[in-house]
Structures are given as C-alpha cells and as structure tokens.
C-alpha cells in the first residue's frame, strides 16, 4: 500500500515524463520505422547511403543498434539529409551508469533520441533474484535518464517469458520487470515476435499494463515458428497494432534478425506496413 502523498507524487512524475517525451495519441497516422540491426551490414559499410535509401523507401524513423564508430554529430547530419528521425537507440546497461552516462546522454540528445533501450539481460541474471536486481538497476538508470529529459526502456526476447515453475502462464522474468520497476521511469519496447515465441499473448500484456509500452518491434512469424518477412506469416497485425496503439505505443520498428536480403526486406516491409 502507498499513502495518498506517494500516489500523487507517482502520478505527477508519470505525467511529467509523458509531457517531456511528447507522447502522441495512438490514432494519429503511424510514422513507420525500422530497427537498423536489420541492415547492420549495410550501415556498417555505408551508414549515410543506407539511411538515404531507407528514407527514400518511405521510412520516417529508425532505431539505432550502434553508430559504427561515427560521431553522433555526423550521424545526426546523415539523419537530417535522409529525412529521418531516430527516436530511440539500443545501448548496453553499462552505458547508462558511471562515467559513461554523461557521454551517452549527450550523444542521445544530439541524435534526437527520446528513449534509450537496453536490449538484453545476461544469462546469469535470468533467475527470480536476478530479475529483481535487474529491475532495481533499470529503475536507477531510468531515474538518471528522466533527470536528463530522456526515457528508459527495455526490449525483450523470448527467454523473459519462461515461467519459473515450468507451467503455462506462470510467473516469468518479464512479469518481475513490469511489477518491480517504476512505471514513471521504465518503459517497455515489446518485440511482438519474441513474446509469441515465448508462449505469451501480447494483447493480454497490453491490456494488463496500459501505458507501460511505448515502442514495438514488428517482425513476422510463420506457422512453424520461424521468422519470416513481414506479411508472409501468421501474425494478426491489425489486431496487434490496434491493441499496441491503444496501450500507448507510439514508435513502430520493422525488423528481421537474419533477412535473406536486408534491403529487399526493408522495401517489402514498408510496402506491407503501409497497407495497415
């Protein structure tokens, strides 16, 4: 139980974060984005050229998974030239603590990020105690970023959804992260492929935890569980995206971990997304 003063303070903090991050209603037309891990070989070889190509395809947002050694100021110019914005980037938790934090924040602001997303939890942390400790670390990082005017988020895979007792629907690590982090400081980027791979229902999480999810990864799954190009799988996209938007998601990133042809995937994905 929390007293009235704590409740009011929590609400004010949450509203303040929403105001700082300029969250927009879900019914506004989606500015489709792509997670640059999908085209990692191309961005490593020619970041500026790849960003221009993605902008020409119709993408309006990108999510970074590293800058390939380029200074943030140079990358910002590349984004501007390509007509793109970068509302989020993936970084390790170590970049959000200690001496690294100031540079991480400075780079994020240069790039125009609204969120910094931690994409992974080490295997040794995937226990009940480990998830609880991770939740504490996330809240501390979220507080530091909130003070700097940025949001903190976490991107899932499938391992977070394995029930500790082995039963279907039992408590899992993702539940601990949601329940033991401050909603005003820790947002979630839900990977819609990986939650399904982990045996959980994304719609149920959206309904149970409104306003915890701010970003989503859009990748498709075949009937046999394999990752496939967008539009070629069995994912109920209109239903999922409507539920995500109603729950508070404002940024949408197409992704494929191992596309046969990364740039062709990017072209076909934006064409498919525009039909939605």
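Do you know which of the residues in the range 210-228 that are outside any strand (DSSP E or B) and under 22 Å from residue 87 (Cα atoms) is farthest from the chain's Cα centre (by Cα)?
My answer is 210.
What pairs can you find where one residue is in the range 64-78 and over 12 Å from residue 107 (Cα atoms), the other is modelled with pLDDT under 95 and outside any helix (DSSP H, G or I), and their Cβ atoms are less than 9 Å apart, with a gap of 6+ or different chains?
Cβ pairs passing all conditions: none.
Name the residue, out of 139, 144, that is closer than 15 Å to residue 183 by Cα, in contact with a helix residue (DSSP H, G or I) (Cβ under 9 Å, 6 or more places away or on another chain), surrounded by 16 or more Cβ atoms within 10 Å (Cβ to Cβ) and modelled with pLDDT of 95 or more.
Answer to the check: 144.
Which residues, counting only those in the range 162-193, are touching a strand residue (DSSP E or B) at 6+ places or on another chain (Cβ under 8 Å) and part of a helix (DSSP H, G or I)?
177, 178, 192, 193 - these are the residues of the range 162-193 that are touching a strand residue (DSSP E or B) at 6+ places or on another chain (Cβ under 8 Å) and part of a helix (DSSP H, G or I).
With respect to residue 222, determine if the residue is surrounded by fewer than 22 Cβ atoms within 10 Å (Cβ to Cβ) and out of contact with any strand residue (DSSP E or B) (no Cβ under 9 Å at 6 or more places or on another chain).
no
Among the candidates 84, 96, which residue alone is in contact with a strand residue (DSSP E or B) (Cβ under 7 Å, 6 or more places away or on another chain) and over 30 Å from residue 220 (Cβ atoms)?
The match here is 96.
Inspect all residues belonging to the range 236-253 and state whether any of them is touching a strand residue (DSSP E or B) at 6+ places or on another chain (Cβ under 7 Å), in a strand (DSSP E or B), farther than 22 Å from residue 159 by Cβ and touching a residue at least 12 places away in the same chain (Cβ under 8 Å).
For the range 236-253, residues touching a strand residue (DSSP E or B) at 6+ places or on another chain (Cβ under 7 Å), in a strand (DSSP E or B), farther than 22 Å from residue 159 by Cβ and touching a residue at least 12 places away in the same chain (Cβ under 8 Å): present.
The values are calculated or read from the model by the stated rules, or taken from the named source; none is laboratory data. Given the structure is predicted, the values throughout are model-derived calculations rather than measurements. Note: ideal-geometry Cβ built from the backbone for every residue, glycine included; neighbour counts use all protein chains shown.
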